[in-house]
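Working notes, structure below.
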């Protein structure tokens, strides 16, 4: 789990969010409302909800295009349970929240890279049901 998660206020413009993502060379930001995580802004959100819809990133707010409600994990969550949750919810990034406070971010790629036993778990999950399209690249690269 990455403990230093980059966050942004949900009321800033998408342009500001993109500038921060580019500066930090990251693919997502956790949107915050009054110090608590309220959503996630991913590259996919930007492609689907800004670029594909020809919205002006200088005018639109993160709140309008971020993914919400936020699916979160707990710090004491077993990695297998985290993988199951990510697979079930069709997400590749899982913010970790403890008592309403953001404490980290876990990605499917990190799980597979760091936890070799995750390969067999992911294989079992993908055998039971079709892997979500967004996860196929990770699964094919690391597992197939």
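No value in this document is a laboratory result; all are computed from the given coordinates. If you're wondering where the values come from, they're calculated on a predicted model, not measured in any experiment.
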Region 1-53 - percent relative contact order, Cα under 8 Å, separation 6 or more: 30 percent
Overall dimensions of region 1-70 as given by Cα atoms, namely Rg and Dmax in Å: 11.1, 34
Share, in percent, of DSSP beta bridges within region 1-70 that are antiparallel, nearest 5: 75 percent
Value of relative contact order over region 61-126, rounded to a whole percent, pairs C-alpha under 8 Å and six or more apart: 27 percent
